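S.K.: Submitted below is the structure of interest, expressed as structure tokens.
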Amino acid sequence: MSARTRTRILVAEDDVRQSRVLRMYMEAEGYDVTVVPDGRAAVDAARRLRPDLLVLDVMLPRLDGLDVCRILRAESVVPVLMLTARSDENDLLLGLDLGADDYMTKPYSPRELMARIRTLLRRMERVAPADDGVLRVGPLTVDPLRHQVLDGAGREVPCTRGEFTVLATMAAEPGRVFTRTQLLERTRGWDTAPTERTVDMYVMNLRKKLEPDPRRPAYLVTVHGVGYKLTPGPDAVEDRRVPR
């Protein structure tokens, strides 16, 4: 999260009425809001302003939201909430594959949108690693430099390179849903012929090592039809809904 006093949100939306509504709700919550009407302006503004969060419409002129997400995700970890009039699940999965953190279809409730924004911003506050680079999610500690995982009791949990890569990827952004394809890309090189099934096996093995009850995961949670996310647990349960 930025050290600025006010949280800065960049909104990329070409519908003037919609952008006015978004600005009104966000400013009412004390956010510093910048609105741009097309994809190229969104990329330029994101690079210039370094916002704390980007609300990104998919159907933008000049450069669509999916391309904007692809460009910015290669440069930044800014959380991205995508908005679209499309309801096709393939669009949802493509947006998540490109690095979007959340996804809402139009028409949507502005109140729900604000709740999603608050959740993403809180998540980013938890994501920030300690000065030593160690990632902590609930009772779990993941140290990328030492290639070490500790459970809540401080015991070291042995992990293969592939298992560690999957866990460290999700620990860097707790609560974010990662598709199997995204996790597969991170594990290439650790397995001779990796497939999406390989990712499922890594997750299954990690659950056996980390979960109090691997049959009811509290940390490595399945989002059915999409992929996996790492939560602080232990109150989390299996998420059987595809995020909207």
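FYI, it's all coordinate maths here, none of it is from the lab. All figures in this text were calculated on a predicted structure; none of them were measured in a lab. When we count neighbours, we look across all protein chains shown, and the Cβ atoms used for this are built from the backbone with ideal geometry, even at glycine.
S.K.: How about the stretch 25-87: which GluC sites (Glu not before Pro) there lie in a loop by DSSP and see at most 13 other Cβ atoms within 10 Å?
M.R.: 29, 75
S.K.: Can you compute 3J(HN,Hα) from phi for each residue in the stretch 15-32, using the Karplus curve 6.51 cos²θ - 1.76 cosθ + 1.60 with θ = phi - 60°, rounded to whole Hz and x for Gly and Pro?
M.R.: Per-residue couplings from phi come out as 7, 4, 4, 5, 5, 5, 4, 4, 4, 4, 5, 5, 5, 5, 8, x, 7, 8 Hz.
S.K.: Taking a ≥ b ≥ c as the square roots of the eigenvalues of the Cα gyration tensor of the stretch 8-127, is the shape rounded (a/c under 1.5), prolate (a/b larger than b/c) or oblate?
M.R.: Since a/c stays below 1.5, the shape of the stretch 8-127 is classed as rounded.
S.K.: Let me check against my output: what whole-number percent is the relative contact order of the stretch 8-127, with C-alpha pairs under 8 Å and at least 6 apart?
M.R.: Numbers: 187 pairs, mean separation 27.7, N = 120.
After rounding, I find 23 percent.
S.K.: Hey, another quick one. In terms of the Cα gyration tensor, with a ≥ b ≥ c the square roots of its eigenvalues, is the stretch 1-53 rounded because a/c is under 1.5, prolate because a/b exceeds b/c, or oblate? List each step's numbers first, then the result.
M.R.: Working: a/c = 3.49, a/b = 1.12, b/c = 3.12.
Oblate shape, in that a/c is at least 1.5 and b/c is the bigger or equal ratio.
S.K.: Sticking with this one: If the only charges are +1 at each Lys and Arg Cβ and -1 at each Asp and Glu Cβ, what is the size of the charge dipole of the stretch 135-230 around the Cα centre, to the nearest 20 debye? Walk me through the intermediate numbers first.
M.R.: Values: 15 positive and 11 negative charges, 19 e Å.
It comes to approximately 80 debye.
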